[in-house]
Structures are given as C-alpha cells and as structure tokens.
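The values are calculated or read from the model by the stated rules, or taken from the named source; none is laboratory data. Quick caveat: nothing in here was measured; it's all calculated off a predicted structure. Here Cβ is always computed from backbone atoms with ideal geometry, including for glycine, and neighbour counts include all displayed protein chains. Calculation scope for accessible area: heavy atoms of the full protein, side chains included, ligands and nucleic acids excluded. Shrake-Rupley method; radii C 1.70, N 1.55, O 1.52, S 1.80 Å.
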Amino acid sequence: MSSFDEIQNREAGLHKKLSAKQMGMIAIGGAIGTGLFMGSKFAISFAGPAVIVSYAIGGLIAFAIMACLAEMTVQHPTSGSFGAYAEHYVSPLAGFLVRYCYWACIVLAVGTEITAVADYMKLWFPHVGSWGWIAFFSLTLLVVNAYSVKAFGLVEYWFSTIKVFAIIVFILLAIGILTQSHGGTAQVVSNLTEHGGFFPHGFSGVWIGVIISIFSYLSIEMIAVAAGEAKDPERAVKKAFKSTAIRLILFYLLSLFLIVALVPWTTLIGADATSPFVMVMKIVGIPYADSILNFIVIVAALSAMNSMLYISTRMLFSLSRAGDAPKLFGRISHNGVPINALLLSAVGIGVASIVYTINPSSAFPIMIALSMFGALFTWGSIFITHMFFRRKMAQQGQQLKFKVPASLLISLLGLIAILSITITTWFTNEFKSTLQFGVPLIVVLTVFYYLKRSSAKLTLNAHEESLK
C-alpha cells in the first residue's frame with residue numbers, strides 16, 4: 001500500500017485560499033439549502049408533526065458523518081477527501097466507486113437546487129418561463145466558480161451568512177408569534193396532535209421522512225473536500241466539526257418544530273404550497289414576510305448549488321488525477337480552477353431542465369430520488385472507510401491528530417442506519433427509483449473499472465514486449 005503522501009502530491013496544484021472563517025460558513029451553508037426550505041415540505045407530508053423526529057434521527061447520522069470525517073480529514077487534508085481515503089484504506093475500486101457515485105449524486109442534486117429556484121421565482125413572476133431563470137442563475141454561478149476558489153469562498157460566505165441570519169430571525173419571529181398569540185399553548189398542542197395526531201402515518205412515515213432528511217443534510221461533508229484548499233486545514237476542520245453539526249441540528253429541529261407548532265401541518269403540503277417557511281409567513285399574515293422569506297430560500301438554493309458545483313468539480317478533478325477519468329478534467333487553469341471538470345459537472349443543470357420540462361410538478365422529488373443513492377452510498381462508504389482507517393492507524397501505532405470519543409462505535413451505528421434507510425427506499429413508491437438507478441450504476445461502474453484496468457495492463461505488457 002502506497003503512502004497517502006503520494007495521493008496528496010497527485011492532487012496538488014489547487015490554490016489554498018479558503019480561510020478558517022470561510023470554511024466554517026461553507027460547512028454550515030452547504031447543508032442549509034433546498035433540503036430544508038423545500039424538502040421539508042415532502043418530509044412533513046409523510047411524517048406530519050413528527051417530522052421533528054425524522055430530522056433528529058437524520059441529524060444524528062449527519063453528526064456521525066462529521067465525526068468520522070473530522071478524524072480522517074485532519075490526518076489527511078486533500079480535495080479527493082473521502083474518495084481518496086477509500087482508495088488508500090479500503091481498495092482502489094472502493095475509491096473509484098465512491099468518487100463516481102458521489103459525483104453523480106451531487107451533479108443531480110445541483111439540478112434539484114436550480115429547479116427549486118425556478119419554482120420560487122414564480123411567487124414574483126408567475127408568467128415568466130422557468131427556462132430563463134435556470135439559464136440566468138446557472139450561468140452566474142458557473143462564472144463565480146470559474147473565476148477562482150477565493151471568489152467561490154467569498155460568495156459562499158455571504159450566501160451562508162444571509163441564510164443563517166434569516167433562520168435565526170425566523171426562529172425569533174416564530175417564537176414571538178407563539179408567545180403573543182391568544183391561543184398560546186392550546187394552539188400548539190392542537191397543531192401538533194390534531195389532524196391525525198403527532199404520528200399521522202405512524203413510524204413508517206417518520207422513517208420515510210428520515211430519507212428526505214439525509215438529502216437535506218447532504219453537503220455537510222463538503223468541509224472535508226474544501227480542506228484541500230484551506231490555508232490552515234487542521235484548525236479549520238476542528239473548528240467546523242465542533243460548531244457546525246450542533247448548529248445545523250439546532251437550526252433544523254427548532255425551525256421545523258416552530259413551523260408545525262404555528263400552523264396545522266396539513267396546510268403546508270397542498271399542491272399550491274411552496275416552502276413551508278414561506279407558507280407559515282403567509283398564513284400568519286405578516287406583511288411582505290412571504291416575499292422576504294422567498295428571497296431567503298432563493299439565496300439558500302443558490303448557495304447550495306454553488307457549493308455543489310464546487311465539490312462535484314473537485315471530485316471529478318480527483319478522479320482525473322487518479323487516472324480514473326480523462327486527463328483533461330485534471331487540468332488546472334492559471335487561477336487554480338479545474339475548468340473542464342466544472343463544465344462537465346454542470347451537466348446536472350441540463351438533466352434537471354429536461355425533467356422539469358417533461359414533468360414540472362414532480363421534478364423536485366424525481367431529482368431527489370435519483371441523487372439519493374449516491375448520497376446514501378457515499379455516507380455508508382465513509383463509515384466503512386473510517387473503520388479501516390482506525391484499524392490501520394492502530395496497526396501502525398500512529399497517533400491521531402484529532403480524536404473523537406467512541407468514533408468506531410459511531411461508525412458502526414451510522415453504517416447500520418444508512419443500510420436500513422437504503423433498504424427502505426425499495427419499499428416506497430416515491431424512492432423506489434433510488435435503487436433502480438443506483439444498483440445498475442454500481443454494476444456499470446465496476447465493469448468499467450475492471451475493463452479499464454485490464455486495458456491498462458494489456459497496454460503496459462505490449463509496451464514491455466516492444467522494448468525487448
């Protein structure tokens with residue numbers, strides 16, 4: 001097994017321009033996007049008020065991912081991140097599969113963000129076609145990502161700041177409405193327990209809500225990818241781990257609790273409903289609040305899309321540098337950006353546009369279902385890789401630069417949870433396509449990997465014969 005230094009040297013050339021402050025906001029901002037503002041609508045439709053339980057379970061899994069990644073990333077900061085760790089600690093095939101599945105997942109997830117933006121813009125411009133918004137915002141973020149990693153970091157920092165500030169204001173405003181309302185506690189109890197009860201669809205509804213919550217927390221792992229371009233990755237990752245997971249879980253759980261406590265959950269899931277956050281402000285009748293929140297959810301979606309373009313680009317760059325994708329995707333421009341990898345990673349925008357045109361009402365859940373397999377496969381692989389990582393560290397007698405208590409147990413429980421969720425997708429109408437899309441993808445990638453390796457071996461043997 002080669003030294004991990006070889007992988008880090010192979011992925012050298014990217015500019016280390018991200019500050020610890022930017023890294024912290026990127027970690028928070030990446031996971032506060034359409035999954036929370038729009039995806040929570042679908043989770044509420046399955047779980048009702050118990051959506052709080054769904055997101056609590058998903059939050060614990062997200063915390064487990066952060067714990068495992070923090071240990072590995074502080075030890076080996078590189079843009080290949082968990083793909084590089086899987087290659088080094090598990091097998092080259094594992095690294096190949098993780099990188100490609102994650103890349104496919106994020107590319108498709110980019111599509112969910114831009115289709116959500118097109119939906120949000122209808123509040124202000126109901127007669128303007130969605131294609132125009134998709135083209136305008138996509139081009140803008142492609143330019144930002146192509147300019148430099150410093151530009152990406154700056155834009156993402158302010159996007160994330162706006163989102164975090166907005167959620168805090170929403171939480172304070174919602175608490176104020178609840179405490180000042182005449183119904184008070186009785187209204188809260190009514191909204192949480194009537195209309196089918198707290199568990200209107202039983203635990204099965206809660207568990208399906210967990211699937212959506214995983215998609216909502218997706219991108220929390222991007223802190224590990226961004227570490228390869230951080231000025232001080234050790235300090236940035238440690239700081240982000242200690243603050244990000246707790247803040248995210250707090251923001252998600254508190255805001256969702258206030259949403260289902262303020263209004264009956266059944267009013268949030270109608271065909272005309274958009275983001276639950278916007279719907280709540282409409283229902284309680286705060287002037288212009290729906291437009292203000294609509295602006296916030298647009299920023300959130302653009303922020304998540306910005307982050308996803310960044311991490312999908314770096315994952316394709318890592319694949320190229322590993323020899324698992326064409327060399328042109330590993331080339332870096334003068335400003336330190338893998339431009340070719342960025343352009344190919346934007347393919348999800350085109351896929352989303354086609355899906356949106358064919359079936360606009362179902363575009364968002366379809367894109368979630370398609371990208372979900374890559375998310376679940378990647379998170380499960382991170383837990384497995386972490387177990388191999390800890391075993392190798394122990395065998396070599398190496399000291400960890402950053403250690404999380406009971407992280408091996410955390411990995412095992414996290415893996416069991418991910419496997420359970422993956423199996424569950426097969427038994428749901430909404431997410432059945434997750435495995436229908438994912439299993440053939442794994443088969444195709446595995447065949448491609450071995451064909452590529454056999455071809456390389458034949459080429460090498462032919463070259464050696466010609467030298468004799």
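Remarks
- Solvent-accessible area per residue in the chain equals 40 Å², computed with a 1.4 angstrom probe and all protein chains kept.
- Put the Cα centre of the range 209-250 next to the Cα centre of the range 136-176 and the gap is 16 Å.
- Charged-residue dipole, Cβ positions (Lys, Arg, Asp, Glu), the range 24-179 about Cα centre, Debye nearest 20: 200 debye
- When the solvent-accessible area of the chain is split by element, carbon and sulfur atoms take up 68 percent of it, the probe being 1.4 Å.
- Counting only alpha carbon atoms, the long axis of helix 51-75 and the longest principal axis of the chain meet at about 30°.
- Applying the Karplus relation 6.51 cos²θ - 1.76 cosθ + 1.60 with θ = phi - 60° to the range 197-209 yields 3J(HN,Hα) values of x, 5, 10, x, 10, x, 5, 4, x, 4, 5, 5, x Hz, where x marks Gly and Pro.
- Packing around the peptides 383-395, 64-76, taken as the average count of other Cβ atoms within 10 Å per residue, puts them in this order, highest first: 64-76, 383-395.
- Rounded to the nearest Hz, the phi-derived 3J(HN,Hα) couplings of the range 421-429 under the Karplus curve 6.51 cos²θ - 1.76 cosθ + 1.60 (θ = phi - 60°) are 5, 4, 5, 4, 4, 5, 9, 10, 5, where x marks glycine and proline.
- FRET efficiency, 1/(1 + (r/R0)^6) with R0 22 Å, evaluated for Val169 and Lys122 via beta carbons: 0.40
- Exceeding the 30 Å Cα-Cα cut-off - candidates Lys392/Lys432; Lys163/Lys282; Lys231/Lys392: Lys392/Lys432
- Size of electric dipole in the chain: Cβ of Lys, Arg +1 and of Asp, Glu -1, about Cα centre, debye, nearest 20: 1040 debye
- Between the C-alpha center of the range 78-134 and that of the range 371-422 there is a gap of 22 Å.
- In degrees, nearest ten, helix 347-358 long axis to first principal axis of the chain (Cα): 40 degrees
- Principal-axis tilt of helix 20-31 within the chain, Cα atoms, nearest 10 degrees: 60 degrees
- Highest average packing first - 312-321, 148-157, Cβ atoms within 10 Å: 312-321, 148-157
- Mean ellipticity per residue at 222 nm, deg cm²/dmol - from DSSP H runs of n ≥ 4 across the chain, formula -39500 (n - 2.57): -25500 deg cm²/dmol
- Among 161-174, 46-59, the order from most to least packed when residues are scored by Cβ within 10 Å on average: 46-59, 161-174
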